Structures are given as C-alpha cells and as structure tokens.
Amino acid sequence: MYKKASILGTINIAGNHELFIRDKGIIKTVTLHDSGYGFEWEKTTYSLDIDTALPAYVIAQQNTYEEKHPTETLYALLHCDTKDGSFYGLTYGSEGDNNTFFVRIR
C-alpha cells in the first residue's frame with residue numbers, strides 16, 4: 001500500500017501490529033489485524049492540522065457534540081481510512097483523557 005514509505009517503528013497491541021510510517025512527508029499509523037491467517041490491513045490514521053477547513057456536514061455534527069458536551073474542547077483532528085471508507089476523527093479532551101468520534105467523508 002505504501003511502497004515508498006519509511007517505517008519509523010512498530011508496536012504490538014493485543015495481537016494487532018501498529019506501524020508508524022512516513023508517507024510523502026506525513027506520519028501515519030497503519031494498523032494490521034491478525035485474522036488467524038496472517039495480518040490484514042485494518043486502517044490508516046494520521047493527524048490533520050487543527051485548523052483544517054471541514055465540510056458543513058462535519059461542522060454540523062461537531063456543533064451537536066459541543067452542545068451536549070459544553071466543557072470539552074477540540075484537542076485533535078484526524079483522517080482515518082478503513083475498508084469501510086474514509087472518516088474525519090474529532091478528538092475532544094486532552095492527551096491523557098479524550099474522546100474521539102468519527103464522521104464519514106462524503
């Protein structure tokens with residue numbers, strides 16, 4: 001998938017491998033799942049600039065979340081590719097205590 005990427009490191013989390021790569025200058029986390037028949041790609045996630053312009057449908061979901069959780073602030077913005085599609089991940093809280101919800105990219 002990432003033929004020209006550099007592998008920066010890897011960890012094993014409960015049988016899944018997470019590879020940290022640099023792909024075209026972007027640091028990404030690639031998750032491989034052990035299906036029992038070998039490892040299969042599950043998802044790729046990477047950070048977006050917190051000031052990335054989001055589509056109106058994502059902002060609408062963001063506003064709904066913020067109305068229900070007025071004390072939480074946006075901490076990080078992610079892009080996640082999976083077999084089911086691509087998503088924006090909006091992370092609220094802090095580095096040590098956070099909650100991320102995902103919105104499918106249309």
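At-a-glance table
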{"item": "Cβ-Cβ FRET estimate between residue 2 and residue 51, R0 fixed at 30 Å, reported to 0.05", "result": "0.70"}
{"item": "Over the chain, equivalent-ellipsoid semi-axes from the Cα gyration tensor in Å", "result": "27, 15, 14"}
{"item": "Residues of type lysines that residue 24 reaches as a straight line, Cα spacing below 24 Å, ignoring anything fewer than 8 places off in the same chain", "result": "3, 4, 43, 83"}
{"item": "Sites residue 23 and residue 68 - FRET efficiency at Förster radius 30 Å, r taken between beta-carbons, to 0.05", "result": "0.30"}
{"item": "Euclidean distance between Cα centres, region 1-29 to region 65-103, Å", "result": "21"}
{"item": "Dipole of the chain, positive end: most advanced residue of 30, 6, 48 [Cβ charges, Cα centre]", "result": "6"}
{"item": "Residue 75-residue 37 FRET efficiency (beta carbon distance; Förster radius 35 Å; 0.05 resolution)", "result": "0.40"}
{"item": "At 1.567 mPa s and 4 °C, Stokes D of region 54-102 from Kirkwood alpha-carbon radius, µm² per second", "result": "114"}
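Here, each number is a calculation from the coordinates, and none is a lab measurement. Only a predicted model underlies this, so the values are computations on that prediction, with no experimental measurement involved. Glycine also receives a Cβ, built like all others from the backbone with ideal geometry; neighbour counts cover every protein chain displayed.
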